[in-house]
Amino acid sequence: MVKTSLKVGQSAPDFCLLDQEGNKTCLEDLRGKWVILYFYPRDNTPGCSLEAKNFSCLRKDFEAENAVIIGVSRDSVESHRRFIEKKELKIKLLADEQASVHKIYDVLHPKHFRGKEVTSAVRTTFLIDPEGEIVRVWDNVKAAEHAEKVLSELKTLKER
């Protein structure tokens, strides 16, 4: 199983990327909030659509826990904008076309697709606390019910 090299207890690496509206979003600007940072392969694919829709449906529950949801893929700002409109998503998606943040978070790995080896984003989610520390990592995520698991874990951590 492919895993990121980032570990629980580490400071989450800072970055700035453009969202679907072309606005700059920086991780350090979100200090004081819990951040659900999830990486996914591509806009408008079945698993990625399911994951984004599930996070969108639970957005208000996450907001009630002082948390923000951010999806990151290598798609463009324009692709994200169309994806959000088409699927009626309610979350922020960041464009990492150069894959620089994917590399920092170590979520790009080789996999076999249609008989060829390709480098692709491995579906990975990081839960980052209000001080900017990684408190939970989910590797090789299955899209179904993942958002619910993240919300449950967030609530459990906040109760401690």
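Brief remarks on what is shown
- In order along the stretch 99-115, phi translates into HN-Hα couplings of 6, 5, 6, 4, 5, 4, 8, 6, 10, 9, 9, x, 8, 8, 9, 6, x Hz, rounded to whole numbers, per the Karplus curve 6.51 cos²θ - 1.76 cosθ + 1.60 with θ = phi - 60° and x for Gly and Pro.
- Length-normalised contact order of the chain in % [C-alpha pairs under 8 Å, at least 6 apart]: 33 percent
- Counted over the chain, the DSSP beta bridges are approximately 70% antiparallel.
- Cα principal axis extents for the chain, largest first, Å: 47, 33, 29
- Remark: for residue pairs Lys111/Lys158; Lys33/Lys149; Lys60/Lys111; Lys33/Lys87, the C-alpha separation exceeds 30 Å in Lys111/Lys158; Lys60/Lys111.
- Adding -39500 (n - 2.57) for every DSSP H run of four residues or longer, then dividing by how many residues the chain holds, sets the calculated 222 nm ellipticity at -8500 deg cm²/dmol.
- The stretch 25-58 and the stretch 86-146 have Cα centres separated by 9 Å.
- Across q = 0.13, 0.14, 0.17 Å⁻¹, the stretch 1-96 modelled as identical point scatterers on its alpha-carbon atoms has Debye log10 I(q)/I(0) values of -0.45, -0.52, -0.78, in the order of the q list.
- Residues Thr45, Thr124, Thr4 in ascending order of nearby Cβ atoms (within 10 Å, fewest first): Thr45, Thr4, Thr124.
- Partnerless cysteines, meaning none of the other Cys C-beta atoms lie under 4.7 Å away, in the chain: Cys48, Cys57
The numbers here are math on the coordinates, done by the rules we state, and not lab data. What you are looking at is a predicted structure, and each value in this text was computed from that prediction instead of being measured. Positions of Cβ are generated from backbone atoms using ideal geometry, with glycine treated the same way; all protein chains shown enter the neighbour counts.
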